[in-house]
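Written out below as structure tokens is the structure these notes cover.
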Amino acid sequence: MIKSYKLRRHIANAFVYLFLIVMGFIWISPFIYLVMHSFRGGAEIYGSTIIPQEWTLQNYIDLFTGSGGTASLNFPRWFLNTFVVACFSCVISTISVLMVSYAFSRLRFKARKKFMNVGMILGMFPGFMTMIAIYYLLKAMGLTQTLVALVICYSCGAGLGFQISKGFFDTIPRALDEAATIDGATKNQIFWKIILPMSKPIVVYTVLTSFIGPWTDFILAKIIMGDARDNYTVAIGLQLMIDQDFKNTYYKQFLAGSVVVAVPITLLFLKMQKYYVEGVTAGGVKG
């Protein structure tokens, strides 16, 4: 009976592992294709084989130097635009989200619950519903087709995403705040010097989400930038490379650009993951 049970369990596990392997291969195969063919050489635009027959770095060189027909598509400029917008948006959004979350978690004031409910309701509506209104507001202020407009759009409404951070701050004992208050610390000092150093996991989470959003956004950036090609972000630029007028020329550079775009996000995650793990282990023994 025991052997029969073990046999059935091994067979079931084998099918589960086989299913996971197949699904994992299906999930990762587009990324493997993207990376391999970004190094594909030769005059052929679209590869006829799964594995490239000729390997080269020329696609990346053309992407950044403007040679090979990419002079009219300034990828380095787009990359810099995206990096600047993402960094400024990340800093402003992170500070905004954490401060709003701390205020709702620790402070008690009139209409607190009403403000929280309104914020949660507004957060349920997709952002693209307000894009037309946002565009005309920016146009009235003379900010359309500028990087400042993107930073404003990505960071000004970030405080509405306070729910997760507030839930984390709720788990930190209020006795710490009370002890610091007795010692003469202000709410501002408590937040910056006591609560934030203990909140590395949620800080890292907020930084990652605040950076990835502007880095990968296409729809809002496209509406705001219009035909201002010098101010494009990488998402718009890569889409332009596979436009009907350019795809036969820039397809391999598009593949190379897609790989380059993934590098900052990957490095950021790998860098922050270390602090994330440290924050989790430290947070598990606090109190």
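The values are calculated or read from the model by the stated rules, or taken from the named source; none is laboratory data. Quantities reported herein were computed from a predicted structural model and do not represent experimental measurements. Ligands, DNA and RNA are stripped out before the accessible areas are found, and what is left, the full protein with its side chains, is counted by its heavy atoms. Shrake-Rupley method; radii C 1.70, N 1.55, O 1.52, S 1.80 Å.
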Expressed in angstrom and rounded, the centroid-to-centroid distance over alpha carbons for the range 88-129 and the range 248-267 is 35 Å
Taking a probe of 1.4 Å and leaving out DNA, RNA and ligands, the chain shows per residue an accessible area in Å² of 60 Å²
D (µm²/s, integer) via Stokes-Einstein for the range 149-247, Kirkwood Rh across alpha-carbon pairs, 20 °C, 1.002 mPa s: value 128 µm²/s
For Lys110, Lys187, Lys166, the accessible-area ranking with a 1.4 Å probe, largest leading, is Lys110, Lys187, Lys166
Once all protein chains are kept in place, Met225 shows an accessible area at probe 1.4 Å, nearest 10 Å², of 0 Å²
In degrees rounded to 10, the 0-90 angle between helix 75-106 Cα long axis and the longest Cα principal axis of the chain is 20 degrees
Expected field for Thr94, accessible surface area in Å² at 1.4 Å probe radius, rounded to 10, holds 10 Å²
Expressed as a percent, the accessible surface of the range 68-203 that is carbon or sulfur, using a 1.4 Å probe and the full set of protein chains, is 71 percent
Taking Cα atoms only, helix 247-283 is inclined relative to the longest principal axis of the chain by an angle, in degrees rounded to 10, of 30 degrees
Options (i) 18.6, 69; (ii) 19.2, 62; (iii) 24.5, 78 are given for Rg and Dmax of the Cα atoms in Å, and the computed one is (iii)
Residue span Asp230 to Gln189: 0.36 nm per residue of separation minus Cα-Cα distance leaves a gain in nm of 10.5 nm
Residue separation between Phe128 and Phe269 times 0.36 nm, minus their alpha-carbon distance, gives in nm 48.1 nm
Listed by chain and number, the residues whose amide H is under 5 Å from that of Arg40, excluding neighbours fewer than 5 places away on the same chain and using placed H, are Thr56
Quick tally, 1.4 Å probe accessible area for Ile195, Ile152, Ile61, sorted with the most first, runs Ile61, Ile152, Ile195
Largest-first ranking of Cys156, Cys90 by accessible area, probe 1.4 Å, whole protein assembly kept, is Cys156, Cys90
Helix 2-38 sits off the longest principal axis of the Cα atoms of the chain, rounded to the nearest 10 on a 0 to 90 degree scale, by 60 degrees
